[in-house]
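Structure record follows, encoded as structure tokens.
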Amino acid sequence: MEEERLHVQSLSKNRAERRKARTKPPLIYTSIPAAATTADGVEDKASPKSLSFPRLTLSLPAHRELEDDGLVSHRNLLVVSDKSNKSSHVRRGLKTTLHPTPICGPMASEASQLNPNNYPPSAHIGPKSRVVVTGALSQLGMEVVLQLNEYCGVEYIVGIDSAQPNTRHDRIEMIESRYEYIQRRVPGFQRLMVPVFGIYPHPDLDSDTEMGFDLVKRLAPTHIVHLAGMEEGHGEFINYGDTNGASAFTEGANSSLMRRFESLLSMDQVFRSVAGCSTSQPQVVYISSNEAAERSGVLFHSAEGMAGVADPHPASVYGTSSLLKEVIASYYHRHHGVDSVGIRVPTIFGPFSRPGSLVNDLTERTIRNAVGEDVEGLPKFHRGSDRYELPKIAARREGADLEVKEQFVFVYDVASALVVALQFKSDYNNPHIDPNGPTLLRIGSKMTASMKQLKERLEGHLPPHHQSEEIWPIANNALASVVHSSGLSIHDNERNLNLLGWTHKTTLHEGTKSMLAWQALKMYPFGIPPSIPSFPLLHSLIRDSLNSLSYHALPCASGCRWEGSALCSPSAWDAVIETTKKITETCRFVLYSVDLRTKLDSIRRQSAPSRRKGWEESFCKIAFVSASSKLALKTYENELNTKAPMIEWNGSRKAGYWIVVTVPGTEYTMSEYERSLAKLNPTLFFGKHVEKAMYINHERVILTTDQAVGVMYHMDLPARKKHEKKTIVDEMTKENKDIWLPPQPQRHSVLFTSQYNRHSEGSSNVKDVASFVMKASGIAETKDIRAQVSFYEEATQYTRSDVLRSPNYQDSIRPGLNFFPLIFVHSTWLVHELKSEFGRNLRCEIYEEHSLWGNRDMEDLTISFVLAKNRVKMRLGEKEESQFIGPEEWYPLLIPREPDDEDAVKEGPLYLDYLDDAQQVATDSRGHEIFISFLNQK
């Protein structure tokens, strides 16, 4: 301990001043990229590039396994070590090195040996490739982008996605679960372009659009993956996830042909741009559907050239439009020489499924039924909604109520085929390739099942908590034709093996289990209390699926990961948690401060005790300090010198009124995820009887015990069972007047802090808030802070910009609703409600967001963004209200209340005379309202 202290002191003398003005990004939980290589493929250990790290890491669970020789790993627990900078990715036993190779992927490598003329070096994918992915936020698009990054090391990827439906609610969902994930997980992802129609950006955002947007000239791609217009499953184009009346693709609550027209338009725009390329054309792969052959309404010829029998499948709009996409590809091949590869796919299942689709909602329904309804302490998903009723689910897909069997293939396997196809060029001397047009392949599997069988398989993995009497609906039309899909033919399977080296790897059993585990982590990313009856089932499901999952490991001390599932990592705080729990086991409230500076020699501002009976005894006052600090050395000099075990003496002495608890490490040796943990999320730090914990910055805040008691009690407001008269001072006349307050349920605040009222100084946009936070903390802007601010600006732009939406949605937004309300948080003090599961989830959301960006002293920007994002979720527009009963049915978070509300709370001690312009979090099982409260300051 003494050696560490001396070492830190010597470092701090030289670096303290320059560290004061900048921040340090974390180097935790990162995937080490491929080592740099020389031109002949030999690893260049001297190259500084071999030691570089991606700027961020993943934040949401995905179905992938990461293992690394340079990572200390317990399954997927990632902590950087210095053993090696070699990196590999392991997935279901298939090991793929990330060193640059002549061709990307083992399947492509095998296929190129069989057919070398189909895989010329110019088509190979590598770090220098430039890839454009349309439909980048789709289920398949997400997987393709991830594989291009993980397996090919592509450093330039641009995504184009119309982000439909374009309501603010759905945009937030896409930003949270898709765009933010890609931004953090894929360092090479440059930007997301959101067009209004087709792939062209809006002319107000791009002046060249009016003269014609040329994809190839603008972005200079070497490879294009065209996924825009892809739909999930047979006949699921009716009300395809759109909000009625708030999308370009609905008309009178029924889907129109606009979605298909956009799909065909974007196809033409991509191929027209490639056709106009004056240099070498980029590789083009587009997605089609098995419905092009089965449900297009067009008779095809058999292999012998004879006309086939009449197609027994009824024609579908999606089948016809998929066939038209193939016709467009054939036209540009014949008249403009555009070479492309079309991939016909069956029903895709797996992670990143679209909310509202049948497979997604069946998966969510299974988890929801396993957890149980109205369970104490759990967030309510879609409370009171009929979205999960089986008749509603079955009605979304043609043939579901007829138990029509469909062919299934896992999304990871499909993306693997696309990555290989991106490097494929047609060799018309190959007998497996049709010389009359561009290459068209049909991929899939032998796995077939009906939607009813899929439901039963999901419930086999995760049985419902209570057996339901609800049964799968049966079609009223008994004479309806039932035509089942068959598995992939032997001919197609052999052709795929020969040309792509591809075959599906994931069974229906493995895939559905992985899909359930991914969805469980998405619905409950921070776990559920072990006391919940369904905890063992869900815990077992996640534990068994760890080899097929990927996630961002947070410290175990945060309490923000599933307990006991190896989803968390060790931290410096593990050494003190048992000590603080023992110290606070008899306390009702905790007042604490965190100061990890080595030069700290005293607690600057003490907390005067109370003379009222029982008040001081209900409080524990703890100061967390570095074990290398002057204060620790002064307080525990003998113990540190004798090197006695810390657990034996830690927390046994005081500095003034504060119990001193030493923490191994300092503000310089700790990463930001460790340094900010105690402040933002003390969930597991204190005894089980502690109700509330209040963090204060001891250098800026003076708080006596009496004042602290007032703060704690002010977070709980009693119920008002009837109208009550209250006398207030009229702001205009300055005279007293009586008002009547309406009845209200009991209220609890789960988070209480201060906010600054700066409306007079301009709008509260992201840059304003970031500048305010940096000025208040005395730090300079860094590259990593700019990256965080830039992403937050994009998120707000995609959410509230009218030019990124269809005109009829713009008309549906009521004045004042299209906003992203950032606030100026100044968290020199924070009060946490420790007994609320809603409060725990909110703390974890804030802490995870801040940890992933890792920008020191920028937690107030993170808090502001998280709260603003959740407020937007609750401000649903006029059109949404006609479909959804109320905001609680979607997210149990944050309904804002205005300061001039008649029932705004204005009572309380003078030093805490604040307005409850707070935000309602939820209503718990007892009917009590849960809020976030702010103390307004100027």
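Details
For every residue, the table says whether it meets (1) under 27 Å from E406 (Cβ atoms); (2) without any contact (Cβ under 8 Å) to a residue 12 or more places away in the chain; (3) part of a loop (DSSP other than H, G, I, E, B).
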| residue | (1), (2), (3) |
| --- | --- |
| P435 | no, yes, yes |
| L440 | yes, no, no |
| L454 | yes, no, no |
| H465 | no, no, yes |
| I471 | yes, no, yes |
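- Residue, most open to solvent (accessible area, probe 1.4 Å), within the range 833-866, restricted to residues that are at pLDDT 90 or above and more than 24 Å from the chain's Cα centre (by Cα): L834
- Residues being polar (S, T, N, Q), under 23 Å from L591 (Cα atoms) and open to solvent by 40 Å² or more (accessible area, probe 1.4 Å) - total across the range 635-672: 1
Let's see how each residue does on (1) among the basic types (K, R); (2) modelled with pLDDT under 95; (3) closer than 22 Å to P282 by Cα:
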| position | (1), (2), (3) |
| --- | --- |
| L418 | no, no, yes |
| K425 | yes, yes, yes |
| Y428 | no, yes, yes |
| I433 | no, yes, yes |
| L440 | no, yes, yes |
| G444 | no, yes, no |
| E470 | no, yes, no |
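- I490 vs. criteria under 30 Å from Y331 (Cα atoms) and either free of Cβ contacts under 8 Å to residues at least 40 places away in the same chain or out of contact with any helix residue (DSSP H, G or I) (no Cβ under 8 Å at 6 or more places or on another chain) (or both): yes
- Looking across the range 691-721, the residues that are among the hydrophobic types (A, V, I, L, M, F, W, C) and within 21 Å of R588 (Cβ to Cβ) come down to A693, M694, I696, V701, L703, A708, V709, V711, M712, M715, L717.
- Some residue of the range 680-701 being at pLDDT below 90 and among the hydroxyl-bearing types (S, T, Y): no
- Note on the range 544-573: residues that are part of a helix (DSSP H, G or I), under 16 Å from A520 (Cα atoms), open to solvent by 10 Å² or more (accessible area, probe 1.4 Å) and at pLDDT 80 or above total 1.
- Hits in the range 371-385 (condition: over 23 Å from the mean Cα position of the chain (by Cα) and modelled with pLDDT under 65): G384, S385
- Among the residues making up the range 112-171, those that are of a type in the set (K, R) and surrounded by fewer than 23 Cβ atoms within 10 Å (Cβ to Cβ) are K128, R130.
- Failed item in (1) over 32 Å from the mean Cα position of the chain (by Cα); (2) under 20 Å from T753 (Cβ atoms); (3) in contact (Cβ under 8 Å) with a residue 60 or more places away in the chain, with K679 passing the rest: (1)
- Residues in the range 574-589 that are open to solvent by 20 Å² or more (accessible area, probe 1.4 Å) and outside any loop (DSSP other than H, G, I, E, B): D574, A575, E578, K581, K582, I583.
- Strands (runs of 3 or more DSSP E) (entirely within the range 656-732) containing at least 3 residues that are closer than 18 Å to K581 by Cβ and touching a Gly at 6+ places or on another chain (Cβ under 9 Å): 658-663
- Index of the failed condition, G105 passing every other in (1) modelled with pLDDT of 90 or more; (2) crowded, with 22+ Cβ neighbours inside 10 Å: (1)
- For the range 590-634, residues that are among the polar types (S, T, N, Q) and open to solvent by 20 Å² or more (accessible area, probe 1.4 Å) total 3.
- Selected residue [touching a Phe, Trp or Tyr at 6+ places or on another chain (Cβ under 7 Å) and under 29 Å from G511 (Cα atoms)] from C560, C556: C560
- Test result for A780, exposed (fewer than 15 other Cβ atoms within 10 Å of the Cβ), among the hydrophobic types (A, V, I, L, M, F, W, C) and closer than 30 Å to E691 by Cα: no
- Contacts under 6 angstrom Cβ, first residue in the range 613-631 being assigned to a strand (DSSP E or B), partner of a type in the set (F, W, Y) and open to solvent by less than 20 Å² (accessible area, probe 1.4 Å), 6 or more apart: F619/F589; K621/W658; I622/Y592; A623/W658
- Test: residue in the range 660-670 that is within 21 Å of L703 (Cα to Cα) and at pLDDT 90 or above: yes
- Scanning the range 582-622 for residues that are at pLDDT 90 or above, of a type in the set (A, V, I, L, M) and out of contact with any Leu (no Cβ under 8 Å at 6 or more places or on another chain) turns up I583, V590, V594, L596.
- Filtering Q147, Q113 for residues that are at negative phi, in contact (Cβ under 8 Å) with a residue 40 or more places away in the chain and in contact with a Gly (Cβ under 9 Å, 6 or more places away or on another chain) leaves a single hit, Q147.
- Residue within the range 784-791 that is open to solvent by 60 Å² or more (accessible area, probe 1.4 Å) and modelled with pLDDT of 90 or more present: yes
The values are calculated or read from the model by the stated rules, or taken from the named source; none is laboratory data. What you see is a predicted model, and the numbers here were worked out from it, not measured in a lab. In this analysis, Cβ positions are derived from the backbone assuming ideal geometry, glycine residues included, and neighbour counts consider all displayed protein chains. Calculation scope for accessible area: heavy atoms of the full protein, side chains included, ligands and nucleic acids excluded. Shrake-Rupley method; radii C 1.70, N 1.55, O 1.52, S 1.80 Å.
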